[in-house]
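Here's the structure we're looking at; comments come further down.
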Amino acid sequence: MNRRGLSLIEMTIAIGITAVIGLAIASMMAAATNSLASKDDGRQSAIRLATTQVRLGAYIAPSNCLLDKANEMLTFWFNDINESNSVNIDEVRWIQYDSASKTLSVKFVNFPDDWTPQMFESANIECNSLTDYSQLLEEFELNNHIEKITLVDSMTNCKFWTNNINTLEATQVSIRFSLESVYGETKDAIIDEGIRLHQSPSD
Amino acid sequence: MKTKNIQIHKHFKRRGIAMMLVMVAVLVTGGMALAYFGSRDNSFSISTNVVSASQARIVAESGLDIAISILETNSDWRSSHIDGVIVENYEINSGKITISVLDSETSLPPTESTNKVIITVASSIDGRTQLTEANATIISDDDEIDVDYSEFAVFAKNQIIMTGASTISNWQASPMSTQQVVQIGTLATNPMAVKLESIMSSKNLQLRTIEDASSMISTSAVNTKFFADQPPFLNPPNPPSNPTPLSLDNQESGNYQSMDNWANWFGKNHQSNPLHFSKKIMVDSGSYIIDKLTLHSSKSIEIIGDVTMIVEDDFTMRYGNITLAKDATLTMHIGGDVNLKSSYIGNKNQSRNSWIDPSRVRIYGADNTNWKISGFSTLKSEIYAPKSNVELQGIAAVCGRIAAKDVLLSGASSVLYDHTLDQGGFADHESPIYDETGAISNEVRKLTQLDNSAIESIQNILFDNQAECNVIDNSWHALNWKQIPTERPHKVIYTLMVFGADARIWEERARQLRFKHYNTAAAWTDNQWN
């Protein structure tokens, strides 16, 4: 009897074993790839969370004080560049969450470069305790004097808290938010940032 | 038989190889897959980076505290630095910090005269670097004796009268506005020499009198303290010799006010014809003398450099202003009466919320004269006129302090005291002005006027004596250094500018982007962040 080659049974067994092992490897690869993508997504979310903290911290920590708090907006007295102990409009920063575009942005006044110092001085109004900062923002936006930087995008929700009902006295700001990701929404994250050297305006 | 054995052997060998090949292939493929997935897993590195960056931020914040502490001490940071670096690679909690300071006015490394600095703290942990930046003002507690009553918002030899809605309070624009108590003082002993009849609160005022003063010296209940001894009220310093005659006509630069200061014409307080030709007089460093100084709305003076101005007779301003350029100082010696109506002396920003060190503007009154400051005048200055009556009316304000014979505040006028002027002086019983028995030292008693050279020589004597006493104290300190903290005699006021990341750079880039694409929708992308 010629014993060269493999018998049908041998071939069937070999193909069967190979198929089983192949399937096992394929399913293992699929599971690993899925896990990898999920991990990648998690890592991206973690990096975005850390970036959000850094970007918000860059505005909140050095600010002098919180001027106003609305549902989707915080208004800060960012610095006192005029050294006047009072709030001028170019020293204000609005951190605003836009639920339509799902972005968290910072807005600030930017007067045209070709303005004279006198024009700048008259437009750079001094605010007081009666100032409505939301209305002021709208007015300046209408005049195209507001610049916007997007801090975070794909933010599905965002809520603000402070440690004092009187916003001028608040020294701690908490932001609770979640981000969009490939695998859905991330769990809520909370960033807690303090105003390091709190100083209220003189009036 | 031999042939059969060989055939059986070959058959057995072939079967084993197939299985072995499959197993090896599976092992190699599996190993490669595991290595690939392992190389893709950088979660640990990422989380390490995030943790390191957070730690570096906190370390930088601690570094800022260290920097402020250094500025508060007597260390020689102004001279001991390499290009502004005062601390390099100092280890703190597994991180390293480097602290550098730059003079904020020159943007150069600090010099002996530096009092305003930009502090930059760079911290790094595992290669992650974070920056913290702050602007700081150092208020030096120099070894100087203060004998001009600058610790008082108002000091009067004879009487202080406050009526109407007048106020004496802290100047909120001052970097030391957090101080609460404002001192007023008098050498008077008679009852009712201090009449605080203003409807405004005077609860933050503290009155200092001599011990012999009547218990009824004040008309209202006010916190009263006594001088340790009866202090002298020194004459003002002599004006410099050989001053240059000042002519207001010759130095006019002839600027049109409509071009130079047009915003003022639309101000509610301006009452002159807006088409009037206005002249700004620039005065450079030096000593000048003028018979009478009269400034109306059509004229203004800008001081550039260190200027001493001697006015032999009256000084009158109506809607006029004298402004100081950056770093300029003005010393005025007024021989006659002073009448300032709705006028201004101070820095270019005329708002009372804009601070200038009042010691940069010193106004001395030499003779028995009358000073009237009225309307909406603002003087950011020190007024020292021991033989003059100073009266503030309307909504006039002196942002600084007043020392005079009589001080009268009426209407809604105000004295806004700047605590940066407070160096202790006669109100400080621990001052070297007083000897160990609490009496004013003989050297100070010999003074008759605010003569800088005489005061300096007295300072040297008094502080040498104090240093001798400290040698004894220090020997004790040396044994107890662990319990005795380093002295921090200087005050440092600072504001945080950057924490971790510099938002100002982002904003500048956003502005540039807007400028580049003016009137177009400029998109901010992730590329602009770093």
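The values are calculated or read from the model by the stated rules, or taken from the named source; none is laboratory data. It should be emphasised that the depicted structure is a prediction, and the values quoted were computed from it without experimental measurement. Cβ atoms come from the backbone with ideal geometry, glycine included; neighbour counts cover every protein chain shown.
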*Considering A:Ala61, A:Ala32, which residue is surrounded by 19 or more Cβ atoms within 10 Å (Cβ to Cβ) and within 7 Å of chain B (Cβ to nearest Cβ)?*
A:Ala61
*Give the range B:351-376 a look and list any residue that's within 14 Å of chain A (Cβ to nearest Cβ) and in contact with a helix residue (DSSP H, G or I) (Cβ under 8 Å, 6 or more places away or on another chain), or say none.*
B:Asp357
*Would you tally the residues in the range A:115-126 being more than 10 Å from chain B (Cβ to nearest Cβ) and either under 23 Å from A:Ile60 (Cα atoms) or assigned to a strand (DSSP E or B) (or both)?*
2
*For the range A:142-180, enumerate the residues that are within 14 Å of chain B (Cβ to nearest Cβ) and touching a residue at least 12 places away in the same chain (Cβ under 8 Å).*
A:His145, A:Ile146, A:Glu147, A:Lys148, A:Ile149, A:Thr150, A:Leu151, A:Val152, A:Asp153, A:Ser154, A:Thr171, A:Val173
_Condition broken by B:Tyr149, with the remaining ones in (1) more than 30 Å from B:Thr448 (Cβ to Cβ); (2) outside the structural domain of B:Gln230 (by TED's automatic domain parsing); (3) not hydrophobic (A, V, I, L, M, F, W, C) satisfied_ = (1)
*When you go through (1) within 11 Å of chain B (Cβ to nearest Cβ); (2) not in a loop (DSSP other than H, G, I, E, B) one by one for A:Ile81, which number turns out not to apply?*
(2)
*Just one of B:Ser123, B:Ser94, B:Ser75 is at pLDDT 90 or above and either more than 26 Å from the chain's Cα centre (by Cα) or not assigned by TED's automatic domain parsing to the domain that holds B:Pro175 (or both); which is it?*
B:Ser123
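Residue-by-condition table, conditions (1) of a type in the set (D, E, K, R); (2) part of a strand (DSSP E or B):
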| site | (1), (2) |
| --- | --- |
| B:Ala403 | no, yes |
| B:Asp406 | yes, yes |
| B:Gly411 | no, no |
| B:Val415 | no, yes |
| B:Gln423 | no, no |
| B:Phe426 | no, no |
| B:Pro432 | no, no |
| B:Glu436 | yes, no |
_Selected residue (criterion: modelled with the highest pLDDT) from residues of the range B:203-214 that are surrounded by fewer than 22 Cβ atoms within 10 Å (Cβ to Cβ) and assigned to a loop (DSSP other than H, G, I, E, B)_ = B:Ile210
_Criterion first (among the charged types (D, E, K, R), part of a helix (DSSP H, G or I) and out of contact with any His (no Cβ under 8 Å at 6 or more places or on another chain)) does A:Glu147 satisfy it?_
no
*Select, from B:Ile301, B:Ile322, B:Ile310, the only residue that is in contact with a Pro (Cβ under 7 Å, 6 or more places away or on another chain), farther than 20 Å from B:Ala153 by Cα and crowded, with 19+ Cβ neighbours inside 10 Å.*
B:Ile310
*Subset of the range B:149-184 (residues that are among the aliphatic types (A, V, I, L, M), surrounded by fewer than 18 Cβ atoms within 10 Å (Cβ to Cβ) and part of a strand (DSSP E or B))*: none
*Complete set of residues in the range B:316-346 that are within 14 Å of another protein chain (Cβ to nearest Cβ) and modelled with pLDDT of 90 or more*: B:Gly346
_Conditions first: (1) at the interface with chain B (Cβ under 7 Å from one of its Cβ atoms); (2) under 30 Å from A:Leu130 (Cβ atoms); (3) in a helix (DSSP H, G or I). A:Ala50 passes all but one, so which condition is the exception?_
(2)
*Could you grab me the full set of residues in the range B:88-143 that are basic (Lys, Arg) and closer than 30 Å to B:Ser431 by Cα?*
B:Lys116
*Is the range B:101-123 home to any residue that is of a type in the set (Gly, Ala, Ser) and more than 27 Å from B:Leu421 (Cα to Cα)?*
yes
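Conditions (1) within 29 Å of A:Asp113 (Cβ to Cβ); (2) modelled with pLDDT under 65; (3) within 7 Å of another protein chain (Cβ to nearest Cβ), marked per residue:
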| position | (1), (2), (3) |
| --- | --- |
| B:His490 | no, no, no |
| B:Arg504 | yes, no, no |
| B:Ala510 | yes, no, yes |
| B:Trp524 | yes, yes, yes |
| B:Asn530 | yes, yes, no |
*Can you name the residue in the range A:94-114 that is surrounded by 13 or more Cβ atoms within 10 Å (Cβ to Cβ) and not in a strand (DSSP E or B) and is also nearest to the other protein chains (Cβ to nearest Cβ) among such residues?*
A:Asn110
*Which one of the conditions (1) more than 22 Å from the chain's Cα centre (by Cα); (2) within 14 Å of another protein chain (Cβ to nearest Cβ); (3) not in a loop (DSSP other than H, G, I, E, B) does A:Ser129 fail to meet, given that it meets all the rest?*
(3)
